[in-house]
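Chemist: Following this message is one structure expressed as structure tokens.
What follows is calculated from the coordinates using simple rules that are stated; it is not laboratory data. Small disclaimer: the values here were computed from a predicted structure and weren't measured. So basically every Cβ, Gly included, is an ideal-geometry build from the backbone, and we count neighbours across all protein chains shown.
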Amino acid sequence: MASDGKNTGNTPAQTREERLAAQLRANLRRRKAQARAISASDAHESAQNAGDCVPDRDET
């Protein structure tokens, strides 16, 4: 008898665990992307502000 894809043999607990694992992976990807964006934004701001902190040449 050919499998029609409806009955995969997974118990409800297994499918729930798989679903939760997929959600955790997606959440981790979102958090990593958010951290990269924040880090890139901070690096961009600090590069822009680096020129603002030039000491005066008059000081000896």
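Chemist: Net charge near Ala35, counting Lys/Arg +1 and Asp/Glu -1 over other residues with Cβ under 15 Å of its Cβ?
Modeler: Details: positive: Arg29, Arg30, Arg31, Lys32, Arg36; negative: Asp42.
Here the count lands on +4.
Chemist: Another question, then. Residue by residue through region 14-20, what is 3J(HN,Hα) from phi via Karplus (6.51 cos²θ - 1.76 cosθ + 1.60, θ = phi - 60°)? Round to whole Hz and write x for glycine and proline.
Modeler: Values per residue, Gly and Pro as x: 5, 5, 5, 4, 5, 5, 5 Hz.
Chemist: Label Asp42 and Glu18 with points 7 Å out from Cα along Cα→Cβ: what is the distance between them in nm?
Modeler: 3.9 nm
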